[in-house]
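Asks: Submitted below is the structure of interest, expressed as structure tokens.
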Amino acid sequence: MKLRHGLLLGATFLAGAAAGPEIGHLLRSHGIASALAQETAPDAAGKAPAGRAETYRLLNLFGYVFERVRADYVEPTTDRDLINNSLNGMLTGLDPHSSYMTAKQFSDMQVQTKGQFGGLGLEVTSDAGLIKVMTPMDGTPASRAGIKTGDLIIAINGKSLDGIDLNDAVDRMRGEPNTKITLTLKRQGVDKPLDVTMTREIIHIQVVRSALYGKTAYIRLASFDEETESGMRDAFNKLKKQAGGTLNGVILDLRNDPGGLLDQAVAVCDDFITSGEVVSTRARHPQDSQRMDAHGTDITGGLPLVVLINEGSASASEIVAGALQDHRRSITLGVRSFGKGSVQTVMPLPGDNGAIRLTTARYYTPSGRSIQGLGIVPDIKVRETREDDSKFMLREGDLNHIIKNQGGTQGASQPRTDLPPIAKSIPDAPPAKWPAFDPTKPDTDFQLQQGLKVVQAMAAAPSQKRADNQ
């Protein structure tokens with residue numbers, strides 16, 4: 001999830017080894033020809049190893065197709081476009097989260113992390129050639145326009161996205177601030193396409209938001225960037241001071257948090273768990289696997305903690321929810337999370353040739369669970385609305401060619417026996433006359449209101465009372 005350098009240019013251009021003299025020259029100039037020679041060198045008996053011979057045959061096949069497209073395609077093409085398309089297909093064909101970025105796309109991604117780009121505030125993914133919304137970010141044009149997780153973007157400014165790859169679609173959605181853009185959406189359960197017109201803005205994600213409800217601290221994390229943990233700690237201290245030095249509990253809202261930096265997820269857990277495993281990652285090569293433990297201090301002094309999750313909670317937010325749940329440090333409330341149990345590494349390529357985002361590991365919760373394709377199941381299930389629209393929600397398991405869930409603890413998780421008595425009385429959906437959800441009106445947020453009930457009930461129980469929370 002963090003940037004790291006890797007020498008992958010060999011794999012990048014290796015595919016063109018038999019594509020003609022120009023490609024061969026390019027390979028030699030980058031020192032790749034010798035690597036190919038070693039890969040296909042004959043053994044002591046003068047025969048190429050079976051596996052290497054097959055590799056060489058496939059590289060020749062690629063070279064043949066490359067030449068046919070270059071020579072006979074209806075319009076002239078550039079070698080760069082053909083190679084870029086090949087690289088993108090190579091990576092996106094592996095899983096939904098691996099991809100190739102050209103130099104411009106990589107530069108745009110780096111600018112995006114600084115919040116200095118004109119855009120809409122959408123996390124999107126590609127599935128079977130369709131552009132799907134994963135999460136509309138808080139306080140952005142997309143969020144204010146009512147775009148939802150699972151919406152399909154089928155056209156931009158009236159032009160179809162059929163056959164357009166994810167990176168190109170993202171490029172089309174970006175643009176100069178204060179310019180208009182219209183997305184045509186297909187929403188599950190709605191017969192006709194929806195046209196949504198928005199104005200691009202400089203996207204500054206407010207990663208941490210907070211509020212005080214009575215004596216309960218509410219902290220929302222919109223994503224995990226370099227400032228998330230410090231921002232959360234500052235918010236907690238501010239709310240505690242605002243409450244006169246005494247709080248009765250904390251609600252940590254991870255709904256629609258698409259994730260981010262792994263080290264920030266661990267740091268957030270450090271603020272609630274004093275010791276023990278937070279998460280482990282298992283890579284292809286054992287020496288690249290890691291285990292991350294908590295070495296922190298519970299900043300709340302052991303206050304009741306409720307974590308809110310939904311289908312838009314993914315990746316780093318699932319690491320936090322899973323660790324706090326496994327350590328029995330929190331009560332998780334909401335609906336099943338997205339289910340992204342993999343770790344991606346962004347690897348810049350030498351020679352200003354862009355970068356690849358590559359899935360390099362699976363991660364596991366402290367109890368050994370892999371949530372890949374499954375998600376975090378809440379301890380208390382509470383829907384946002386009366387309609388059970390779970391079949392319309394996009395999750396990892398709905399995407400094509402996802403990586404397998406493997407290596408984790410097998411069998412169903414043991415049911416919790418430590419839930420507060422109020423858990424049995426919490427309804428799983430709003431009553432009939434509950435007002436429509438308005439993000440500016442906390443009283444309309446049914447999941448939040450149920451979380452507050454749980455915190456207050458836990459705080460009132462004798463075993464949960466604290467003389468102080470320092």
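Asks: How much length, in nm to one decimal, is gained on full extension between D263 and D171, taken as 0.36 nm per residue of separation minus their Cα-Cα distance?
Replies: Computed gain between D263 and D171 is 30.3 nm.
Asks: How big is region 307-412 by Rg and Dmax over its Cα atoms, in Å?
Replies: For region 307-412, the Cα-based Rg and Dmax read 15.5, 54 Å.
Asks: Would you mind pulling out the separation of the Cα centroids of region 256-303 and region 149-165, in Å?
Replies: Going from one Cα centre to the other spans 37 Å.
Asks: Can you list the residues, at least 5 places off or on another chain, whose amide H is less than 5 Å from the amide H of A429, using H built in the peptide plane?
Replies: Long-range HN contacts for A429: R383.
Asks: Ordered by packing density, taken as the mean number of other Cβ atoms within 10 Å over each peptide's residues, highest first, how do 288-301, 369-382 rank?
Replies: Highest to lowest by the protection proxy: 369-382, 288-301.
Asks: Which ³J(HN,Hα) values, rounded to whole Hz and listed in residue order, are derived for region 448-453 from phi using the Karplus coefficients 6.51, -1.76 and 1.60 in 6.51 cos²θ - 1.76 cosθ + 1.60 with θ = phi - 60°, glycine and proline given as x?
Replies: Per-residue couplings from phi come out as 4, 5, 5, x, 4, 4 Hz.
Asks: Using the basic label-point model (7 angstrom from Cα toward the beta carbon), what is the T246 to S160 distance in nanometres?
Replies: That separation, rounded to one decimal, is 6.6 nm.
Asks: Something else: What percent of all Cα-Cα pairs in region 130-174 falls in each 10 Å bin, counting up from 0?
Replies: In order of increasing distance, the bins hold 25, 58, 17, 0 percent.
Asks: Output the peptides 342-354, 431-443, 136-148 sorted from most to least packed, where packing is the average of other Cβ atoms within 10 Å over each peptide's residues.
Replies: In descending order of packing, they fall as 136-148, 342-354, 431-443.
Asks: For region 215-464, rounded, prolate or oblate, judged on the Cα gyration tensor with a ≥ b ≥ c (square roots of eigenvalues), a/c < 1.5 rounded, else prolate if a/b > b/c? Spell out each step's value before the answer.
Replies: Values: a/c = 1.64, a/b = 1.39, b/c = 1.18.
It is prolate, given that a/c is not under 1.5 and a/b is the larger ratio.
Asks: Another question, if that's okay. Among 215-227, 121-133, 329-341, how do they line up from the highest to the lowest mean number of other beta-carbon atoms within 10 Å?
Replies: 329-341, 215-227, 121-133
Asks: Over all distinct alpha-carbon pairs, what is the Kirkwood Rh of region 105-202 in angstrom?
Replies: 13.5
FYI, it's all coordinate maths here, none of it is from the lab. Fair warning: this is a prediction, and the values are worked out from it, not measured in the lab. Because the Cβ atoms are built from the backbone with ideal geometry, glycine has one as well, and the counts that use them run over all protein chains shown.
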